[in-house]
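What follows is a short report on a single structure.
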Amino acid sequence: MADALISVLLERLASTTYEYIEGGVKIVLNVEEDVEKFTRTLRVIQAVLEDAEQRQVTDQAVKIWLDELKDVSYQMVDVLDEWNTNILKQQVEKQEREGDPNALVTKKKVRFSSFSRYFCLGKVSRVILRHDIAQKMKDLNDKLTKIYEERKKYQFLSKELGIQQPQQPQQPQTASFVDISVIFGRENEKKVLITNLLSDSSAEGKGLLIIPIVGMGGMGKTTLTQLAYNDDRVKTHFDLRKWVCVSDPFDEIKIAKAIIGQNAPNSNELDEVLQCMSTSIQGKRFLLVLDDVWTDDPKKWEQLKVPLIQNGAKGNRILVTTRKHEVAKMMRATRNMINLRELNDECCLSIFNHMAFSDRDVHEFGDISKEIVKKCKGLPLAAKTLGSLMQNKTKMGEWKEVLNSQIWNLEKVEQEVFQPLFLSYNDLAPTIKCCLLYCAIFPKDYKFKRDDLIKLWMAQDYVISKGNKEKGTTGDAVFDNLMARSFFQDFEKDLDTVTIRRCKMHDIVHDFVQFLTKNECLIIDHGEETTSESKVFGDKVRHLTLRYVPEGPLPLFISSYDCKNLRTLATFNSRITTIDPNLILQLKCLRTLNLSFNQIEELPKEIGELIHLRHIDLSFNSILKKLPDTICGLYNLSTLRLVHCTNLTKLPENMGNLINLKHLYVEDCGLLESLPKGIGRLTSLQTLDVCSCGGDKDEAFQIGDLRNLNLEGSLKIQLRGDATDKSEVEKAQLWDKKLFNLTVDCGTNSVEILNALRPHPDLESLEILGHNGTPWPNWILSLHNLRFLTVRWGGETRCELLPLGKLECLERLTLQNMLGVKKSITKKAMESGPRFLLRTQTSAFPAGDDSVGTFMKHLSRRHTKSSEGDDSLKLDPCKSSSVSLRNSQFFCSSRRCVLFALSNYDLVCVLKLEKSLMIQDFHLLTLWPE
């Protein structure tokens with residue numbers, strides 16, 4: 001953890017941009033020397049951290065030394081934050097002095113890439129910065145110098161010397177031999193794998209098929225490969241079989257020599273070795289196993305792959321085991337990839353029993369065995385390790401002790417189960433390590449949202465936002481990296497964007513990150529605050545999660561444990577109603593405050609003292625009525641979540657002071673009729689999920705105030721009453737904002753207002769709710785990238801259908817609350833113009849697919865009475881003699897009839913649209929006029 005933290009701090013020191021108002025610069029004398037010395041010292045210490053991190057496990061003195069180093073590093077981060085906060089405050093004061101609430105602040109930026117001659121600070125109203133910041137910097141420098149001197153007595157090995165660390169977990173060597181009698185499970189995976197090995201297909205088209213087996217450490221990738229490698233059918237099928245344990249680094253010469261075998265040349269010239277390898281496999285059908293591959297460098301792989309393709313016989317196979325999805329992508333073999341998942345409890349129990357009861361009666365501890373196996377969560381290595389741990393335990397008390405213990409407190413588990421995870425962890429970049437370890441704040445089995453997790457990382461300064469890619473690693477890149485390395489699992493995808501939106505950690509991975517952060521991340525359930533585990537930590541805890549807090553105040557025991565250094569405070573499954581102001585004042589280092597899903601009525605005004613706060617989540621506090629005005633003094637606040645605060649009536653007037661606010665969520669705040677005017681000058685704002693427009697034009701946010709916001713993602717505009725006019729709507733300049741989704745709740749406004757809301761032409765998703773006009777917006781056919789369209793009519797007007805076939809990218813169309821079709825395009829126009837073409841990645845309904853009947857039943861459920869009073873869905877006869885009705889299907893139930901014709905997997909639906917009909921995912925839909 002220390003190595004990751006130091007790397008983040010050095011990156012921050014080197015790249016932080018300080019902003020100050022022109023004409024208000026003061027030089028802080030004598031700071032430059034201290035800062036440069038601090039940075040030099042920190043870099044020297046960084047070189048020995050790899051050794052120190054490993055030795056702290058067995059050497060308590062080293063652990064204390066590392067803790068002191070982390071304390072100083074955290075303090076330095078906070079000093080830099082105080083510095084920048086004062087600058088932000090001066091910018092806000094300048095706005096107020098100028099008296100123009102909509103004025104944008106003129107800023108200059110100074111980048112300290114190599115620590116320029118002076119640190120420049122904004123002009124301040126008090127003399128605190130000149131002395132206080134400089135003094136803090138000097139004190140921290142003295143502390144770091146002391147730590148630097150102490151390091152010498154530990155004789156750490158420096159990474160720069162290229163010395164292999166003695167405590168570093170070693171990459172285990174593997175071989176092809178396996179005892180089949182002790183293998184349990186994986187029958188289906190083995191069957192699929194052997195079928196691919198023996199088949200004649202070749203993805204490369206040149207006689208070579210690459211099959212990656214991907215999974216987290218300890219999942220059984222090597223064991224599955226051994227089973228296939230030693231299968232009699234496989235042995236007979238291939239002329240040559242070779243097993244190479246690759247590990248890290250990927251050494252082409254070593255691999256090539258292993259393939260050659262005994263006749264390998266002594267030369268280490270790559271070309272000579274590859275030529276010899278080519279000769280050894282010439283004309284032979286071979287099976288090559290590359291076990292434990294880590295590198296995703298395509299250059300290394302291509303050098304080895306080319307001679308393998310060009311020489312062996314048809315039907316060659318390469319089996320690759322890896323923990324990283326990037327390896328399979330680099331090898332262009334994702335089509336044949338086998339993702340190895342957890343074993344079921346029955347197979348894990350078999351492994352456990354085999355290890356634990358080799359010469360004893362299995363039934364002796366039968367029930368408790370099943371409970372212990374549940375700790376394994378389908379990980380074969382964990383079942384094997386826990387089974388061997390219980391081998392010599394003969395008393396029920398010993399078994400119960402293991403059952404009730406935290407898994408990381410078992411030394412054998414730490415040594416054997418966590419070792420493969422250590423290998424994956426040590427392969428991560430420092431920034432990614434920080435992000436992974438932060439996930440220890442979540443309870444087990446918690447499904448976190450991708451976007452929320454990234455914002456939490458940003459609040460700790462681990463990653464930066466998308467808009468600042470040049471300044472560091474983006475959260476999306478980190479999330480994708482951890483996902484690809486099997487640290488995350490159980491993915492849920494967004495149906496529209498097909499991106500991962502939610503996932504969770506495997507329980508063993510969660511145990512692992514909690515093991516690594518047990519001095520810094522703490523999860524306490526209500527009633528456990530007096531346990532010995534909670535008492536140990538005190539001011540070392542940086543991230544605290546509380547669970548199951550009953551109705552009442554936020555527990556005061558937090559302050560009794562001296563948690564003054566907390567940077568995260570989160571609650572889950574709690575019902576907190578009040579917060580003691582004195583407790584808030586003790587949390588001066590807090591950066592993330594998550595009090596969602598509680599019953600808080602009021603937030604203490606002392607919240608404004610927490611200047612480091614970046615992330616506040618008060619969502620689903622349904623009785624929260626208002627926020628204190630002091631919250632507007634949190635100049636570092638980046639995310640404010642108020643979703644479903646149904647009693648919230650207004651936001652503080654000075655919200656425009658939150659000049660770092662990037663994400664504001666106010667969805668489902670039903671009583672919040674408008675937003676403060678000042679939000680219009682938050683030029684950093686990227687997300688505003690709902691924009692309520694209307695009210696007093698001098699005090700309330702108007703739709704035209706959107707013009708200065710750099711919004712992205714999704715936006716919902718609520719047009720309240722007749723408070724908007726066309727000229728005001730045009731000021732919003734939506735055509736200049738690259739949104740993915742736009743939702744417009746029309747209220748009682750006319751189609752002229754909709755016409756003025758013309759979005760960016762690259763918009764991909766559009767929802768129009770409560771549309772009362774017969775005509776559609778005049779810009780809708782210009783949205784050439786539109787993929788998803790929803791229109792819900794709100795009046796009694798019969799609607800008009802446009803030739804939406806011009807929207808060639810449209811994938812889903814939803815039409816709701818239609819009383820009927822007033823007018824469609826003419827038959828002549830239909831025959832000459834483009835048809836209504838909706839493209840999807842798969843066929844609509846293949847021949848004989850039951851989904852046709854399923855859809856028709858769904859259609860019947862959504863059908864309501866038509867305007868003529870009958871209960872039928874009106875049909876016209878099919879008017880196209882050129883359509884071949886190969887697989888016609890007819891459905892009729894309760895006087896509601898629909899005729900579907902499938903022609904070459906295109907769906908032709910001939911009908912009149914009635915109320916509440918939803919049409920989606922069709923390949924071809926033709927709408928005929930009345």
Region 687-699: number of residues that are modelled with pLDDT of 90 or more and either among the polar types (S, T, N, Q) or under 16 Å from residue 733 (Cα atoms) (or both):
2
Which count do you get for residues in region 632-647 that are in contact with a strand residue (DSSP E or B) (Cβ under 9 Å, 6 or more places away or on another chain) and small (Gly, Ala, Ser)?
1
Between a first residue in region 483-512 that is touching a residue at least 40 places away in the same chain (Cβ under 8 Å) and under 15 Å from residue 341 (Cβ atoms) and a second residue that is open to solvent by less than 10 Å² (accessible area, probe 1.4 Å) and in a helix (DSSP H, G or I), which pairs have beta carbons less than 7 Å apart while being 6 or more apart in sequence or on different chains?
487/436; 487/509; 505/439; 508/382; 509/421
Please count how many residues of region 172-201 are among the polar types (S, T, N, Q), assigned to a loop (DSSP other than H, G, I, E, B) and modelled with pLDDT under 65.
1
Look at residue 210 and say whether it is touching a residue at least 40 places away in the same chain (Cβ under 8 Å) and within 30 Å of residue 347 (Cβ to Cβ).
yes
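Are any residues in region 633-670 outside any loop (DSSP other than H, G, I, E, B) and either out of contact with any Lys or Arg (no Cβ under 7 Å at 6 or more places or on another chain) or farther than 18 Å from residue 461 by Cα (or both), and if so, which ones? Talk me through it step by step, then tell me what you get.
Step one: of region 633-670, the residues outside any loop (DSSP other than H, G, I, E, B) are 633, 639-641, 653-657, 663-665.
If the condition is that a residue be outside any loop (DSSP other than H, G, I, E, B) and either out of contact with any Lys or Arg (no Cβ under 7 Å at 6 or more places or on another chain) or farther than 18 Å from residue 461 by Cα (or both), then 633, 640, 641, 653, 654, 655, 656, 657, 664, 665 are the ones that fit.
Of the residues that make up region 406-428, is at least one assigned to a loop (DSSP other than H, G, I, E, B), more than 30 Å from residue 365 (Cα to Cα), at pLDDT below 90 and not aliphatic (A, V, I, L, M)?
So the first thing to find is which residues in region 406-428 are assigned to a loop (DSSP other than H, G, I, E, B), and the list is 406, 410, 417, 427-428.
Then keep just the ones that are more than 30 Å from residue 365 (Cα to Cα); that gives 427-428.
Add one more test, that the residue is at pLDDT below 90, and what stays is 427-428.
Within this subset, residues satisfying the condition of being not aliphatic (A, V, I, L, M) are 427.
Yes.
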Looking at the structure I just gave you, is residue 371 under 36 Å from the mean Cα position of the chain (by Cα), farther than 25 Å from residue 190 by Cα and open to solvent by 20 Å² or more (accessible area, probe 1.4 Å)?
yes
Yes or no: residue 140 closer than 29 Å to residue 50 by Cβ, out of contact with any Lys or Arg (no Cβ under 9 Å at 6 or more places or on another chain), modelled with pLDDT of 50 or more and surrounded by 11 or more Cβ atoms within 10 Å (Cβ to Cβ)?
yes
Please determine whether any residue of region 295-305 is aliphatic (A, V, I, L, M), part of a helix (DSSP H, G or I) and open to solvent by less than 60 Å² (accessible area, probe 1.4 Å).
yes
Can you name the condition, by its number, that residue 526 falls short on among (1) under 28 Å from residue 380 (Cβ atoms); (2) over 15 Å from the mean Cα position of the chain (by Cα)?
(1)
When you go through 545, 473 one by one, which is the residue that is modelled with pLDDT under 85 and either open to solvent by less than 50 Å² (accessible area, probe 1.4 Å) or within 29 Å of residue 323 (Cα to Cα) (or both)?
473
If residue 343 satisfies every condition in (1) in contact with a strand residue (DSSP E or B) (Cβ under 9 Å, 6 or more places away or on another chain); (2) modelled with pLDDT of 85 or more but one, which is the exception?
(1)
What tally of residues in region 606-639 results from selecting those that are open to solvent by 40 Å² or more (accessible area, probe 1.4 Å) and touching a residue at least 40 places away in the same chain (Cβ under 8 Å)?
1
Please work out which residue is farthest from residue 4 (Cα to Cα), limiting yourself to region 32-69 and to residues that are open to solvent by 20 Å² or more (accessible area, probe 1.4 Å), hydrophobic (A, V, I, L, M, F, W, C) and modelled with pLDDT of 85 or more.
61
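Among the helices (runs of 4 or more DSSP H) confined wholly to region 220-293, which include 2 or more residues that are acidic (Asp, Glu)?
Details: elements: 221-229, 232-237, 252-260, 270-281.
Those helices (runs of 4 or more DSSP H) span 270-281.
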Can you spot a residue in region 13-31 that is surrounded by fewer than 21 Cβ atoms within 10 Å (Cβ to Cβ), at pLDDT 85 or above, among the polar types (S, T, N, Q) and over 29 Å from residue 512 (Cα atoms)?
no
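The values are calculated or read from the model by the stated rules, or taken from the named source; none is laboratory data. What you see is a predicted model, and the numbers here were worked out from it, not measured in a lab. Cβ coordinates were reconstructed from backbone atoms using ideal geometry, including for glycine residues, and neighbour counts include every protein chain displayed. Side chains included, ligands, DNA and RNA excluded: accessible areas come from the protein's heavy atoms. Shrake-Rupley method; radii C 1.70, N 1.55, O 1.52, S 1.80 Å.
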